[in-house]
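Data first, discussion second: the structure below is written as C-alpha cells.
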Amino acid sequence: MEGFDILNLFIVLLSAWGAGALIKRIGYPAILGELLVGVIIGPSLLGLVETSSTLVIISEAGVILLMAYIGMEINFKDLGKASWAGLLAAIGGFVVPFALGYYVVTLTGGTSMAGLFVGIAVGVTSLATKSRILVDLGLLDTRIAYVLMAGALISDTLALIIFAGLSSFIDVGAVNMSEILLIAGKIILFFAFATAFGLYILPRIGKWMASRNIENRTTYFTLLLLIVFGLSELAELVGLHGILGAFVAGVFIKDGVFHDKITKDITRVFHDVSIGFMAPIFFVTAGFHVTLDVFKTDLQLLLLIVGVAFAGKILGTVLFYLPSGNGWREGLAVGTGMNGRGAVEIVIAGIGLQKGIITQEIFSILVFMAIITTLSVPLLLTWTTNWLKKRGELVKQFSRQGHIILGANPLALLLGKHLAEANKVMFIDANKGLCENARNQGFDCVHGNILEESTLNEASVKDFRTFIALTVNNEINLLASQFVNDILFIPEKFIVISPNKGEGGSINLLSSASASTLFSSKVDIQPWIQKVQDSNYKEVEVTITKQIDTRDWVKFHESKNNTLLPLVIVDRSGTKRPYRYNDSIDMNEKVIYIE
C-alpha cells in the first residue's frame, strides 16, 4: 500500500509538471494544465490514479502554503495607485456575478448555501496570475494594470472574508441571535489577534533574530511554517477555515519584518514548495472529482453558470466602473482582465465539495468555468486594449520612469547622453574604472553585480521603466534581463545580442524575458565601443519620410553596404527612445545613428 501511494504521488507530480509546462508554453497559467491532466488521468477518463490518504494530506498542506504565498505576493501599497477605480472594479466585478451565481443555483433547485458558495466562486478574480499576464501583454505600465491588480486584490480579499463568515455557519444549521453573536465575536477576536501579531509581535521577532545575527534561511523558513500553520489552526478553532489563517499570515510577511534578502529568499522557498510541489498535487487531485457527465445531465446549468461568470464579471465591472470617469471602454478592458478565475476559486469550491455544501456536479461545473474564463483573458484583454490603443485611450501610468543601463562603456554613455535629455539615466557596471568615468561625465553609476540584492537596492532598479543591457557579454545581458523581468517586472527591456553566439538559446531567452533586441539586429558592439572611445565616429540625424519598421530600415541600409549603428528615434515632440526591434518609425520622426 505504501508503495502504491508513492507510485500515485510520482504519477501525479510527473503529470502536473508536464501539463503545467505545456500549458505555460502557450501563454496560460500552469493551474489550467494541472486541472485538465487531473481530469484525464483520474476516474473520469483513464482511471490511472485515485485519491489516497497520502495525496489528500499533501494537497491539504499544499493549499495552506499556497494561500500563504498568495498573501506574501499582495502589496497594499499598490492600491494607492488606482484605489478608487480598483475598488469600483472589484465591487462591480464581485457583487454582480455573486448575485447572479446565487440566483442561478437557487432557482434551479439548489440550496441557499450552495448558491452562496457558487456566488463566491464566480465572483473571485485570479490574483496570482495577473502580473504575469500583464507583463506578457506589455501592459504593466498602464492604468489598466494598476486597476486590475487593485481590483483583484480587493475582490479576492472580499471573497475570503465572506467565505470566512459562511464557513462559521456551515456546521451550525439553524442559528439564533446568540449563536450569530458568538460566531461574530470569534471572528473579530481572530482578526484582532492576527493583526496584533502581524503588526507588533512579528516585527519584534524579526528584530530580535537580526540582533542575534541569525541568517540561516532554514531557521526563518521553519519559523514561518510554524506561524502559517499556527494561524491556520487558530482559524479552524474559531470556526473559520485554515486557508484564511494562512492567507493572513502571508500578508504580514512583508519587507521590513526580516532582512530584505531573507524575505526574498523565504518568498522564493514558499513559491517553490507550494507552486512547484504541493499545490499542483491539490489541483491535479481536484480534477479527480470532476465528472464529465455534467455535459449530458447538467449542460444547461453549466452553460448558465459560465454565462453568468462572463456576463456578471464583465458587465458588472463596466457598470460600476463608470463613476471612475475613465470611460466604459476602459471598464470593458478591466472587466475582461478580471474575468479569469484561479487558485482561490478552486480552493473554495473544493472546500464546498468536501463539506457537502455543493454536489460533485456543481464542483465539476465550477472547474470547467474556471478553465474557460481563464482561457479567455489573454484573448479578450488583447482585443480590448488594442481597441483602446487605436482610439488613443490606453492611458500610461508612469509610476516608473527613466532608463537603467547595464554597462558603462563609451557606447553606452553615448546612448545615455541622448536618453538623459528627457529622462533619468542610471548606469550599473562591475568595472570600477568604467563607473568612475561615467560619474566624471555627470551620470549616476552604481558599481556592482546587477544580480546581487545590494546593487539592486543601491540603484533603485525597481523604480525604472526601461532596462537596457549593453555589455559585450550575451549571457550577462540575457540573464540580467530575465532577472529584472521575473523579479522586478520592469516593463521595457532592450538587450544587445552579438551574432553567432548561441542564437537559438538567445531567441528563446529574449522571448521568455519579454525583451527586445537593441539596435534592431544582432551587433558586435566591441568595434563600436572602440570607435566611440577613439572619437572615430560621425553622428548623423535623418528625417523619415514614410512610416517604416525599425528592422526594415536597418535591412535597407545593410543592402547598400552602409555600416551604421542606429542609437535613438526622435519623435515629433523631440523625445528620444532607444532604437530597437519590433518598433516602427513614423513619418517626420528622426533617427540618430553613428557611422
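The values are calculated or read from the model by the stated rules, or taken from the named source; none is laboratory data. These numbers were taken from a predicted model, which means no experiment stands behind them. Here the Cβ positions follow ideal geometry from the backbone for every residue, glycine too, while neighbour counts run over all protein chains shown.
Overview of results
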item: Residues of the stretch 437-463 classified as without any contact (Cβ under 8 Å) to a residue 12 or more places away in the chain and acidic (D, E), total; result: 1
item: Helices (runs of 4 or more DSSP H) completely within the stretch 276-334 that count 3 or more residues being touching a Ser or Thr at 6+ places or on another chain (Cβ under 9 Å) and under 22 Å from V347 (Cβ atoms); result: 279-288, 299-321
item: D265 being in the same structural domain as A89 (by TED's automatic domain parsing) and either out of contact with any helix residue (DSSP H, G or I) (no Cβ under 9 Å at 6 or more places or on another chain) or within 27 Å of E60 (Cα to Cα) (or both); result: yes
item: Sole exception among (1) farther than 30 Å from I305 by Cα; (2) more than 25 Å from the chain's Cα centre (by Cα) for I357, by number; result: (1)
item: Which listed residue, of I428, I404, I362, is closer than 30 Å to F283 by Cβ and surrounded by 19 or more Cβ atoms within 10 Å (Cβ to Cβ); result: I362
item: Some residue of the stretch 245-267 being modelled with pLDDT under 85, of a type in the set (D, E) and surrounded by 15 or more Cβ atoms within 10 Å (Cβ to Cβ); result: yes
item: Pair list, Cβ under 7 Å, 6 or more apart: the stretch 366-381 residue within 15 Å of A30 (Cβ to Cβ), other residue of a type in the set (S, T, Y) and surrounded by 24 or more Cβ atoms within 10 Å (Cβ to Cβ); result: T374/S126; V377/T336
item: Yes/no for L14 being part of a helix (DSSP H, G or I) and more than 22 Å from T291 (Cα to Cα); result: yes
item: Residue check, V446 farther than 24 Å from Y593 by Cα, of a type in the set (V, I, T) and assigned by TED's automatic domain parsing to the domain that holds I476; result: yes
item: Criterion (polar (S, T, N, Q), touching a residue at least 40 places away in the same chain (Cβ under 8 Å), closer than 25 Å to H241 by Cα and assigned by TED's automatic domain parsing to the domain that holds Y146) met by exactly one of Q360, Q354; result: Q360
item: Options N582, N561; residue that is closer than 20 Å to V496 by Cα and surrounded by fewer than 20 Cβ atoms within 10 Å (Cβ to Cβ); result: N582
item: Some residue of the stretch 260-268 being closer than 26 Å to L366 by Cα and in a helix (DSSP H, G or I); result: no
item: Qualifying helices (runs of 4 or more DSSP H) (wholly inside the stretch 345-462; at least 2 residues being modelled with pLDDT of 90 or more); result: 410-419, 432-440
